[in-house]
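A.B. asks: Take this structure, written in C-alpha cells, and hold onto it; I'll ask about it next.
The values are calculated or read from the model by the stated rules, or taken from the named source; none is laboratory data. Here the structure is a predicted model, which is why all the values come from computation and not from measurement. No Cβ is skipped: glycine too gets one built from the backbone with ideal geometry, and neighbour counts run over all protein chains shown. With ligands, DNA and RNA removed, areas are computed over all heavy atoms of the protein, side chains included. Shrake-Rupley method; radii C 1.70, N 1.55, O 1.52, S 1.80 Å.
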Amino acid sequence: MPPGEILVRVGGRTLGLTNLDKPLYPDGFTKGEVIDYYARIAEVMLPYVRDRGLTRLRFPGGVPAGTVAPDTGGTTPLAPGSFYEKNAPVGTPDWVPRQPVRTSEGVIDYVVAEEPATLVWLANLAALELHVPQWTLSSGRVGEDGVLDLPGEEAYDGEPLADRLVVDLDPGAGMDVLDSARAAVLVAGVLAADGLVPVPQTSGSKGVQVYAALAPCRARDAWAYVKSLNVRMARERPDFFVSTVSVQARRGRIYVDHNQDLPARNTIAPYSLRGRALPAVATPVTWEELAAATTPEDLRFSPGDVLARVEEHGDLAADLLLEDRPPLPPLPEP
C-alpha cells in the first residue's frame with residue numbers, strides 16, 4: 001500500500017484513497033471533502049450518469065486561485081493544470097465498466113458509472129466535473145468488435161438513442177444567473193406547451209439548463225428540435241434572446257446552445273461539482289426558486305447545501321426519470 005493511502009469500503013468495493021487533506025479549491029475545500037460529497041450524493045446522482053459515457057474534467061493540482069468565479073461574465077477558459085479526460089485512464093479497476101465508442105476522433109474507451117464506488121474512485125482522481133451526453137449506451141447495438149458507433153447525421157439501424165434533451169441557456173457578457181433563470185421560465189413555457197415536462201438546473205456557474213425526458217429518439221432529431229427553439233426564442237424576443245454564437249451579438253442576451261444536444265457533445269451532469277473559484281454544484285431547482293431569486297447567491301449551491309436540499313426535498317430532477325416519457329414534439333413548420 002502506498003504511503004498515506006487509506007483503504008475504504010464502498011458498496012462492497014475496496015478503494016485506496018490518497019491525499020485527503022489536499023485543498024482542491026482556493027477556499028480550502030479538500031479532496032477528502034470532494035470524495036465525501038460524491039459518496040453521499042452517489043445514489044441520487046447515478047440515475048443521471050449511468051448508461052452514458054463519462055467525460056471528466058480533472059484538477060490534479062486543484063482549482064487554481066484566480067479561476068473565473070461564477071457570474072462574472074465572459075467565457076470561462078480551461079483552468080491551468082486541468083484537463084478533459086474521455087478515455088479510461090491507466091490503472092482503471094477491472095470492476096469499472098467501459099464502453100468503446102467510435103467517433104470522428106477515433107475509438108474512445110469511455111468509463112461508465114454504474115455504482116457509488118465508481119464516483120468515489122473518480123473523485124480520488126480529482127475528477128471534479130462529470131459530463132454526459134443525452135443518449136444512452138444500452139439503446140445502441142454494439143458491433144462484433146465490441147465498439148458502439150456514435151450517432152451520426154444519417155440514421156442507421158441500431159444507433160444509440162437520446163432519452164432526454166437539454167436546453168442550455170448561455171448568458172452573454174453583462175448578464176448573470178438571474179437572467180438565465182428568467183430565460184429558463186420562458187423556455188419552459190414552450191416545452192410544456194409542446195407536451196414535455198421541463199426540469200430546471202443551475203449550471204453551477206452563471207447559466208441554467210432546462211432538461212426534459214423523452215421517449216427514445218434519434219439524438220439528431222432532439223438536436224433539431226432544440227435548434228428550432230433557438231430560432232423561435234430569438235425571433236419572438238430579440239431583445240432578450242439571440243440565435244447566433246457570435247460573442248459580440250450575444251452581449252446582453254441569452255443564447256440557446258442547441259449544440260449541447262449533438263451526439264458528440266456532453267453537458268454537466270445533475271449534481272456534479274464545478275471546477276470554479278468556489279465549490280459550487282450543478283443543482284436541480286424548482287421553478288418557484290428560479291422565479292423568486294433576487295441575487296445570484298440565491299441560485300448558487302455548495303456541496304453541503306445540495307446534500308441538505310436532497311435530505312429535505314428529495315431529488316428535484318426526478319421528472320427526468322419518468323417511465324412514461326413523452327415523445328419528441330414535431331418540428332414547427334418553417
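A.B. asks: Out of (1) out of contact with any Phe, Trp or Tyr (no Cβ under 8 Å at 6 or more places or on another chain); (2) of a type in the set (V, I, T); (3) free of Cβ contacts under 8 Å to residues at least 12 places away in the same chain, what's the single condition that is false for T244?
C.D. replies: All conditions pass for T244, except number (1).
A.B. asks: Then there is this: Select from the range 126-149 the residues that are assigned to a loop (DSSP other than H, G, I, E, B) and under 16 Å from P216 (Cβ atoms) and write down the one among them that is most open to solvent (accessible area, probe 1.4 Å).
C.D. replies: Within the range 126-149, the match that is most open to solvent (accessible area, probe 1.4 Å) is R141.
A.B. asks: Looking at D149, is it free of Cβ contacts under 8 Å to residues at least 60 places away in the same chain, in contact with a Lys or Arg (Cβ under 6 Å, 6 or more places away or on another chain) and not β-branched (V, I, T)?
C.D. replies: Answer is yes for this residue.
A.B. asks: Hey, another quick one. Which of the residues belonging to the range 161-175 are part of a strand (DSSP E or B), open to solvent by 10 Å² or more (accessible area, probe 1.4 Å) and of a type in the set (A, V, I, L, M)?
C.D. replies: L161
A.B. asks: Still on this model: Is the range 304-320 home to any residue that is under 18 Å from E129 (Cβ atoms) and either open to solvent by 60 Å² or more (accessible area, probe 1.4 Å) or assigned to a loop (DSSP other than H, G, I, E, B) (or both)?
C.D. replies: Yes - at least one qualifying residue is present in the range 304-320.
A.B. asks: Still on this model: Which numbered condition trips up R276, out of (1) within 27 Å of S104 (Cα to Cα); (2) assigned to a loop (DSSP other than H, G, I, E, B); (3) of a type outside the set (S, T, N, Q)?
C.D. replies: Exception for R276: condition (1).
A.B. asks: Of all residues in the range 201-211 being of a type in the set (G, A, S) and in contact (Cβ under 8 Å) with a residue 60 or more places away in the chain, which is nearest to L150 (Cα to Cα)?
C.D. replies: S203
A.B. asks: Inspect the range 233-256 for any residue being part of a helix (DSSP H, G or I), under 16 Å from V167 (Cα atoms) and open to solvent by 30 Å² or more (accessible area, probe 1.4 Å) and give the result as yes or no.
C.D. replies: Scanning the range 233-256 turns up no residue that is part of a helix (DSSP H, G or I), under 16 Å from V167 (Cα atoms) and open to solvent by 30 Å² or more (accessible area, probe 1.4 Å).
A.B. asks: Output the residue which, of all residues in the range 101-125 that are in contact (Cβ under 8 Å) with a residue 40 or more places away in the chain, within 30 Å of Y37 (Cβ to Cβ) and in a strand (DSSP E or B), is most open to solvent (accessible area, probe 1.4 Å). Give the steps one after another, and end with the answer.
C.D. replies: Taking the range 101-125 as the starting set, the residues that turn out to be in contact (Cβ under 8 Å) with a residue 40 or more places away in the chain are 101-104, 107-108, 110-117, 119-125.
Retained after the next criterion (residues that are within 30 Å of Y37 (Cβ to Cβ)): 101, 108, 110-117, 119-125.
When the remaining residues are screened for being in a strand (DSSP E or B), the result is 101, 108, 110-111.
Numbers: V101: 0, I108: 9, Y110: 25, V111: 0 Å².
The qualifying residue most open to solvent (accessible area, probe 1.4 Å) is Y110.
A.B. asks: Take the range 277-294 and flag every residue that is farther than 15 Å from P171 by Cβ, over 14 Å from the mean Cα position of the chain (by Cα) and not aromatic (F, W, Y).
C.D. replies: A277, L278, P279, V285, T286, E288, E289, A291, A292, T294
A.B. asks: Within the range 194-208, can one find any residue that is assigned to a helix (DSSP H, G or I) and open to solvent by 50 Å² or more (accessible area, probe 1.4 Å)?
C.D. replies: Within the range 194-208, the first condition is being assigned to a helix (DSSP H, G or I), and the residues that meet it are none.
No, the range 194-208 contains no residue that is assigned to a helix (DSSP H, G or I) and open to solvent by 50 Å² or more (accessible area, probe 1.4 Å).
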